[in-house]
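Before any comments, here is the structure.
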Amino acid sequence: QVQLVESGGGLVQFGGSLRLSCAASGRIYSPYYMAWYRQAPGKERELVAGITNGGLTNYRDSVKGRFTISTDSAKNTVFLQMESLKVEDTAVYYCNVRQPAGVFWGQGTQVTVSS
């Protein structure tokens, strides 16, 4: 069983930055895919960025060049560095891990960007 705990959300002004962290407890087996999703009010949850155990990354078009996903050396924490934040980035951000043992979600952290 893997437990994911997000942190780092908050209120930030347009153009500001935030760094989200997701700490994973429990064993994560390769191959795995760690990702950040977000869900804005009234909208479906959407993939923001992901990273494989091999370090390959992918981003949704609207955050390319502004967001960076990374992991620590132990591969048990995944980060999302968010720059040049826009009002439309406002959402609850969820950490997600997919591995042979299953799919796991964090509880979410709120990011609010004010104009």
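Could you tell me whether I28 is more than 13 Å from the chain's Cα centre (by Cα) and either farther than 17 Å from Q107 by Cβ or surrounded by 11 or more Cβ atoms within 10 Å (Cβ to Cβ) (or both)?
Taking the combined requirement at face value, the residue satisfies it.
Please give the number of the condition Y33 fails out of (1) open to solvent by less than 40 Å² (accessible area, probe 1.4 Å); (2) touching a residue at least 60 places away in the same chain (Cβ under 8 Å).
Every listed condition holds for Y33 apart from (1).
Criterion first (touching a strand residue (DSSP E or B) at 6+ places or on another chain (Cβ under 6 Å), open to solvent by 30 Å² or more (accessible area, probe 1.4 Å) and closer than 26 Å to V113 by Cβ) does A40 satisfy it?
Considered against the rule, which asks whether it is touching a strand residue (DSSP E or B) at 6+ places or on another chain (Cβ under 6 Å), open to solvent by 30 Å² or more (accessible area, probe 1.4 Å) and closer than 26 Å to V113 by Cβ, A40 comes out as no.
Just checking, how many residues over segment 65-85 are surrounded by 15 or more Cβ atoms within 10 Å (Cβ to Cβ), modelled with pLDDT of 95 or more and either in a loop (DSSP other than H, G, I, E, B) or among the β-branched types (V, I, T) (or both)?
5
From the list T57, T109, which one is at pLDDT 95 or above, open to solvent by 50 Å² or more (accessible area, probe 1.4 Å) and within 22 Å of S7 (Cβ to Cβ)?
So the residue among T57, T109 that is at pLDDT 95 or above, open to solvent by 50 Å² or more (accessible area, probe 1.4 Å) and within 22 Å of S7 (Cβ to Cβ) is T57.
The values are calculated or read from the model by the stated rules, or taken from the named source; none is laboratory data. Everything numeric here is computed off the predicted structure, so don't read it as measured data. Glycine also receives a Cβ, built like all others from the backbone with ideal geometry; neighbour counts cover every protein chain displayed. The area values use the complete protein model at the heavy-atom level, side chains included, leaving out ligands, DNA and RNA. Shrake-Rupley method; radii C 1.70, N 1.55, O 1.52, S 1.80 Å.
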